[in-house]
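K.L.:
So that we are looking at the same thing, I have put the structure below in structure tokens.
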Amino acid sequence: MKYKILPILICIPLLFISCAQPNSNLNGAVSSTSRIASQVGIDILKQDGNAFDAIVATGFALAVTSPANGNLGGGGFLTARTADGNLVSLDFREKAPELSYEKMFLDSEGNYVRELALFSHISAGVPGTVNGLIKIFNDYGSGNFTLAEIIQPAIDLAEQGFPLEENAAYGFDNNKKYFVQDSGSNEIFVKNTNNEVDFLIQQFKNNSITQEEYENKLSEINEWETGDIFIQKDLAETLKRISKNGVDGFYNGETARLIIEEMKKNNGFISIEDLKNYDSVYREPIVGTYREHTVVSMGPPSSGGTLLVQMLNMLENYELQNIERNSTEFVHLLTEIQRLAYADRAVHLGDPDFWKNPIDMLISKEYANERLKLISHDKATSSTEIAAGNEYKESMETTHYSAMDKNGNTAGITTTINFSYGNKKIVDGAGFLLNNEMDDFSSKPNVPNAFGLIGGEANAIEPFKRPLSSMSPTLIVDKNGQTILTVGAAGGSRIITAVLQIIISVIDHNLNIQEAMDVGRTHSQWLPDLIFYEKNALTKETIDELKLLNHSFYNNDNLPGNYYLARTHGIQRKNGIFITGADKRGKQNGNEAITY
Ligand code: GLY
């Protein structure tokens with residue numbers, strides 16, 4: 001009953017803003033990369049669940065509907081604020097298995113072996129997602145649901161199937177060359193209509209076609225279509241075990257046995273003790289201020305919150321509302337402060353259980369002001385004056401999802417298996433993909449990882465350690481104590497700069513969250529010493545002017561017109577109304593964010 005009366009009362013003064021819509025957006029919102037998973041969260045809110053119930057249900061549903069990044073085999077971070085103002089941050093990042101060692105991705109000559117770090121079973125850290133989601137549910141859920149009720153929608157989606165969205169159909173076909181190398185992934189993600197794929201593999205094995213011809217022909221086979229019903233029986237069984245036994249349904253018993261069997265068959269490192277000993281950890285959130293707002297984000301082992309607050313502290317010295325967005329002046333300033341922050345990332349940040357992170361210094365206003373003295377407003381600073389770096393590869397996976405309820409609870413989770421579909425290896429019989437998060441460690445000092453990020457001792461591989469992340473689930477509280485924004489992104493190192501630009505758009509340029517997401521973005525990260533930019537972000541004139549200031553650009557010429565930097569999701573609460581944001585970049589999933 002209360003759902004019907006409350007909106008009517010509130011809608012009278014707000015009639016001309018938005019309440020005229022049949023579905024009121026005063027009660028809550030869920031934003032994720034999958035409309036189906038967002039709807040699961042909304043259904044929980046409608047049944048008197050809170051934002052924490054909703055986000056956990058959405059998380060389990062994403063593990064089914066968005067296999068590229070939603071997961072059981074990965075990890076993530078939660079940044080949340082309860083209705084009574086408590087700040088919460090939970091670290092359920094993957095951990096290095098006990099058998100890990102510093103040089104595990106180097107060959108006998110000490111060279112970094114990319115294939116090993118990204119596409120082998122030893123690239124997988126001990127997964128944290130299931131432990132994290134269940135802890136959030138137990139500690140912050142409304143108490144109106146059992147865990148089984150929260151997981152049931154995900155079980156139904158896995159068991160009965162769901163219509164594939166465009167990006168999933170594309171992703172399955174696009175990654176075929178990896179999936180065929182793993183029996184579990186091959187079975188689940190490759191249709192092999194008329195044995196066409198088997199035929200090609202045979203031709204390649206017989207040397208009738210070259211590797212290039214094989215890969216080209218494989219990529220031409222488009223088997224999946226939007227709307228195909230995708231069923232995942234093994235995953236449904238794993239979810240049922242979690243539903244029945246809680247964390248033991250994953251870290252013990254049959255699921256653990258299947259993970260260990262997968263490791264033994266493929267020389268992986270994760271042991272039964274690693275699984276049994278895994279635990280997520282509540283961490284101190286990073287808290288800063290920006291123009292009378294409080295910024296709350298994730299601390300180490302994420303670098304996200306620290307860099308974000310550091311960059312906002314620097315930007316606070318400028319009247320950004322008077323600087324045209326993506327003008328020469330704006331991009332120069334952004335690039336310079338990003339350079340300073342990412343230089344600190346490489347040296348100062350690592351897993352807090354292993355490394356003393358100088359957080360107080362990095363997020364202080366004084367430090368920001370000192371650092372700003374290093375930049376000039378007339379000329380680009382050279383990153384190589386600080387240190388060296390080179391190649392840059394990218395991957396866009398990871399995903400952010402969030403929920404807000406009418407009582408003021410706000411929860412945002414960024415989760416990942418690192419690359420799109422992780423290391424592309426399914427745990428046979430358990431139906432979920434393994435992460436390749438171990439590549440987020442610094443495998444060798446000054447050698448870039450898959451995101452072009454370099455690091456040193458702070459982020460070196462050690463048993464039980466968590467690799468440094470860029471994931472930045474962030475929320476903003478206004479001067480009246482209202483949570484007005486929850487936002488996060490996928491995109492590796494670009495996550496932090498994308499979240500930064502959205503916060504600037506909302507606070508300085510007064511855009512709503514969706515408008516903020518729509519603005520073209522730039523990115524730089526100290527090394528490589530380049531500005532990355534979306535083609536619609538900068539005019540040729542601006543690029544030329546920035547070159548005159550000595551800036552160099554990542555060469556976009558051979559990239560598709562829709563090349564993008566990070567993919568963001570979030571929710572804004574403005575005048576009591578929920579406004580959702582779902583990035584339009586990349587393959588579309590339709591309207592992924594839902595209010596009610
Ligand atoms: N795997 C990307 C990140 O955590 O930043």
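The values are calculated or read from the model by the stated rules, or taken from the named source; none is laboratory data. The structure displayed is predicted, hence computed values, not measured ones. Glycine gets a Cβ as well: all are built from the backbone with ideal geometry, and neighbour counts include every protein chain shown.
K.L.:
List the residue pairs whose Cβ atoms are under 6 Å apart, where the first residue sits in the stretch 419-438 and is free of Cβ contacts under 8 Å to residues at least 24 places away in the same chain, the second is within 13 Å of the ligand (Cβ to nearest atom) and not polar (S, T, N, Q), and the two are 6 or more positions apart or on different chains.
P.N.:
Note: no pairs meet the criteria.
K.L.:
Kindly indicate whether Phe464 is within 11 Å of the ligand (Cβ to nearest atom), in a loop (DSSP other than H, G, I, E, B) and surrounded by fewer than 24 Cβ atoms within 10 Å (Cβ to Cβ). Please lay out each step first, then the result.
P.N.:
On the way: within 11 Å of the ligand (Cβ to nearest atom): no; in a loop (DSSP other than H, G, I, E, B): yes; surrounded by fewer than 24 Cβ atoms within 10 Å (Cβ to Cβ): yes.
Judged against the criteria, Phe464 is not a match.
K.L.:
Tally time: how many residues in the stretch 482-515 are away from the ligand (no atom under 16 Å from the Cβ) and out of contact with any Gly (no Cβ under 6 Å at 6 or more places or on another chain)?
P.N.:
17
K.L.:
Counting only residues that are under 21 Å from Ser32 (Cα atoms) and either of a type in the set (D, E, K, R) or modelled with pLDDT under 95 (or both), which one in the stretch 419-441 is surrounded by the fewest Cβ atoms within 10 Å (Cβ to Cβ)?
P.N.:
Only one residue fits best here, namely Ser420.
K.L.:
If you take the residues in the stretch 437-453 that are in a loop (DSSP other than H, G, I, E, B) and under 21 Å from Val499 (Cα atoms), which one is nearest to the chain's Cα centre (by Cα)?
P.N.:
Filtering the stretch 437-453 for residues that are in a loop (DSSP other than H, G, I, E, B) and under 21 Å from Val499 (Cα atoms), the one nearest to the chain's Cα centre (by Cα) comes out as Phe451.
K.L.:
Report, by residue number, each residue of the stretch 442-451 that is away from the ligand (no atom under 12 Å from the Cβ) and surrounded by fewer than 24 Cβ atoms within 10 Å (Cβ to Cβ).
P.N.:
The first filter runs over the stretch 442-451 and keeps only residues away from the ligand (no atom under 12 Å from the Cβ), leaving 442-448.
Those that are away from the ligand (no atom under 12 Å from the Cβ) and surrounded by fewer than 24 Cβ atoms within 10 Å (Cβ to Cβ): Lys444, Pro445, Asn446, Val447, Pro448.
K.L.:
Got at least one residue in the stretch 210-231 being farther than 23 Å from Ala168 by Cβ and assigned to a loop (DSSP other than H, G, I, E, B)?
P.N.:
yes
K.L.:
Is it the case, given these coordinates, that Leu475 is more than 16 Å from the ligand (Cβ to nearest atom) and touching a Lys or Arg at 6+ places or on another chain (Cβ under 9 Å)? Can you show your working first?
P.N.:
Numbers: more than 16 Å from the ligand (Cβ to nearest atom): yes; touching a Lys or Arg at 6+ places or on another chain (Cβ under 9 Å): yes.
Here the answer is yes, as Leu475 does meet what is asked.
K.L.:
Could you tell me whether any residue of the stretch 162-174 is over 17 Å from Tyr421 (Cβ atoms) and touching a Phe, Trp or Tyr at 6+ places or on another chain (Cβ under 9 Å)? Before you say what the answer is, go through the steps one by one.
P.N.:
Our first condition is that a residue be over 17 Å from Tyr421 (Cβ atoms); within the stretch 162-174, this holds for 162-163.
Right, trim to touching a Phe, Trp or Tyr at 6+ places or on another chain (Cβ under 9 Å) and you get 162-163.
Looking for residues that are over 17 Å from Tyr421 (Cβ atoms) and touching a Phe, Trp or Tyr at 6+ places or on another chain (Cβ under 9 Å), one finds at least one in the stretch 162-174, hence yes.
Conditions tested, residue by residue: (1) within 22 Å of Val126 (Cβ to Cβ); (2) away from the ligand (no atom under 14 Å from the Cβ); (3) β-branched (Val, Ile, Thr).
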| position | (1), (2), (3) |
| --- | --- |
| Lys406 | no, yes, no |
| Asn409 | no, yes, no |
| Thr415 | yes, no, yes |
| Asn418 | yes, no, no |
| Asn423 | yes, no, no |
| Gly429 | yes, yes, no |
| Phe432 | yes, yes, no |
| Asn436 | yes, no, no |
| Asp440 | yes, no, no |
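K.L.:
If the Cβ limit is 9 Å and pairs must be 6+ apart or interchain, which residue in the stretch 159-188 that is within 12 Å of Glu225 (Cα to Cα) pairs with which residue that is assigned to a strand (DSSP E or B) and of a type outside the set (Lys, Arg)?
P.N.:
As it stands, the answer is Pro163/Ile229; Pro163/Phe230; Leu164/Ile229; Leu164/Phe230; Ala168/Phe230; Ala169/Phe230; Phe172/Phe230, since those pairs meet every condition given.
K.L.:
Let me ask another. Filter the stretch 139-177 down to the residues that are over 28 Å from Phe199 (Cβ atoms) and touching a Leu at 6+ places or on another chain (Cβ under 8 Å), then identify the one that is surrounded by the fewest Cβ atoms within 10 Å (Cβ to Cβ). Even if it seems obvious, please write down each step before you answer.
P.N.:
Of the stretch 139-177, the ones over 28 Å from Phe199 (Cβ atoms) are 139-160, 162-163, 165.
Add one more test, that the residue is touching a Leu at 6+ places or on another chain (Cβ under 8 Å), and what stays is 151, 154-155, 158.
Values: Ile151: 27, Ala154: 28, Ile155: 21, Ala158: 27.
Among those residues, the one meeting the criterion is Ile155.
K.L.:
Oh, and also: Name every residue in the stretch 105-150 that is small (Gly, Ala, Ser), assigned to a helix (DSSP H, G or I) and over 30 Å from Ile42 (Cβ atoms), in order of residue number.
P.N.:
First, pick out the residues of the stretch 105-150 that are small (Gly, Ala, Ser): 108, 110, 117, 120, 123-125, 128, 132, 141-143, 148.
Next, only the ones that are assigned to a helix (DSSP H, G or I) stay: 117, 123, 132, 148.
Matches in the stretch 105-150: Ala117, Ser123.
This table checks each residue for (1) at pLDDT 95 or above; (2) buried (at least 24 other Cβ atoms within 10 Å of the Cβ).
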residue: Ile12; (1), (2): no, no
residue: Gly41; (1), (2): yes, yes
residue: Asn50; (1), (2): yes, yes
residue: Phe119; (1), (2): yes, no
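K.L.:
Condition test on Leu548, is it among the hydrophobic types (A, V, I, L, M, F, W, C), out of contact with any Phe, Trp or Tyr (no Cβ under 8 Å at 6 or more places or on another chain) and at pLDDT 95 or above?
P.N.:
Working: among the hydrophobic types (A, V, I, L, M, F, W, C): yes; out of contact with any Phe, Trp or Tyr (no Cβ under 8 Å at 6 or more places or on another chain): yes; at pLDDT 95 or above: yes.
Yes; evaluated as a whole, the condition is true for this residue.
K.L.:
So if I check each of Ile259, Ile270, which one is outside any helix (DSSP H, G or I), of a type in the set (A, V, I, L, M), in contact with a Pro (Cβ under 9 Å, 6 or more places away or on another chain) and crowded, with 17+ Cβ neighbours inside 10 Å? Full working, then the answer.
P.N.:
Numbers: Ile259 fails: outside any helix (DSSP H, G or I).
Going through Ile259, Ile270 in turn, just one is outside any helix (DSSP H, G or I), of a type in the set (A, V, I, L, M), in contact with a Pro (Cβ under 9 Å, 6 or more places away or on another chain) and crowded, with 17+ Cβ neighbours inside 10 Å: Ile270.
K.L.:
Here's a follow-up. If you take the residues in the stretch 91-114 that are within 19 Å of Gly350 (Cβ to Cβ) and within 16 Å of the ligand (Cβ to nearest atom), which one is surrounded by the most Cβ atoms within 10 Å (Cβ to Cβ)?
P.N.:
Top of the filtered list is Arg93.
Residue-wise test of (1) farther than 14 Å from Thr568 by Cα; (2) modelled with pLDDT of 95 or more.
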| residue | (1), (2) |
| --- | --- |
| Pro445 | yes, no |
| Gly452 | yes, no |
| Ile461 | yes, yes |
| Phe464 | yes, yes |
| Leu468 | yes, yes |
| Leu475 | no, yes |
| Thr483 | yes, yes |
| Arg521 | no, yes |
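K.L.:
Can you say whether Ser395 is within 13 Å of the ligand (Cβ to nearest atom), modelled with pLDDT of 90 or more and surrounded by fewer than 24 Cβ atoms within 10 Å (Cβ to Cβ), as far as the supplied structure shows? Reasoning before the result, please.
P.N.:
On the way: within 13 Å of the ligand (Cβ to nearest atom): yes; modelled with pLDDT of 90 or more: no; surrounded by fewer than 24 Cβ atoms within 10 Å (Cβ to Cβ): yes.
Answer is no for this residue.
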